[in-house]
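In what follows, a structure is listed as structure tokens, so that the remarks can point back to it.
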Amino acid sequence: MQRIIIKSYETKKSLITPIVFLIIGLVLAINPGEVVEFISFIFGGVFLFLGILKFITDRKRNDTTTSDEIFSFIMIIMGIICIFFSSTIELLVRLILGLWILLNGINTVIIGTDIIKTDKKNIFTLLVGFFLMAMGLYTMFIENLVFETIGIVIIIYSILEIIDYFYIKNKS
């Protein structure tokens, strides 16, 4: 069998992307509420602008349909909702994710109880189910937890990418 020997570790990696992700992760982990509001304002402004622009361009055309107008109004309404109800958006994301985790936990508990009926010593699935239920409730009731977690994951990712960059540079 022939061995492959790597003589060069040349790569096209850059530090720009991991540093940008590190900054985004830090901002998300430190101020998740403000980041969600800022992103909501941006999306709201974009939706509002596009809705108004589409409405104006549709008015200039002579062959507009009712669906064109409805689409323009939906975009405008979505923009207004994103701008004026930005804190509610964080709540909705938190409730949806928490409810999803909670329901998966309930399902896992049901599976765990079926497993225990056949094997009394196997309670691992049941414990995982209760843990998921607790995490679902925790996610639903603790503000900004989801976005803080995303920020922490992004920080870890960017640190690993930076370490990998310097590791590859040292090998070449």
For the range 93-102, does any single residue satisfy the condition of being in contact (Cβ under 8 Å) with a residue 24 or more places away in the chain, surrounded by 14 or more Cβ atoms within 10 Å (Cβ to Cβ) and over 16 Å from the mean Cα position of the chain (by Cα)?
-> yes
Do we have any residue at all in the range 158-172 that's within 22 Å of F41 (Cα to Cα) and either acidic (D, E) or surrounded by fewer than 17 Cβ atoms within 10 Å (Cβ to Cβ) (or both)?
-> no
Kindly provide the set of residues from the range 151-172 that are over 19 Å from I23 (Cα atoms) and among the β-branched types (V, I, T), ordered by number.
-> I168
Enumeration of residues in the range 25-69 that are modelled with pLDDT of 90 or more, more than 30 Å from Y157 (Cα to Cα) and of a type outside the set (V, I, T) = G45, F47, L48, F49, L50, G51, L53
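Has the range 96-103 got any residue that is of a type in the set (G, A, S) and either at pLDDT 85 or above or not in a helix (DSSP H, G or I) (or both)?
Our first condition is that a residue be of a type in the set (G, A, S); within the range 96-103, this holds for 98.
Now narrow it down to the ones that are either at pLDDT 85 or above or not in a helix (DSSP H, G or I) (or both): 98.
There is at least one residue in the range 96-103 that is of a type in the set (G, A, S) and either at pLDDT 85 or above or not in a helix (DSSP H, G or I) (or both).
The values are calculated or read from the model by the stated rules, or taken from the named source; none is laboratory data. As the structure is a computational prediction, the values presented were derived from the model and not from experiment. Heads up, the Cβs are rebuilt from the backbone with ideal geometry, glycines too, and the neighbour counts pull from every protein chain shown.
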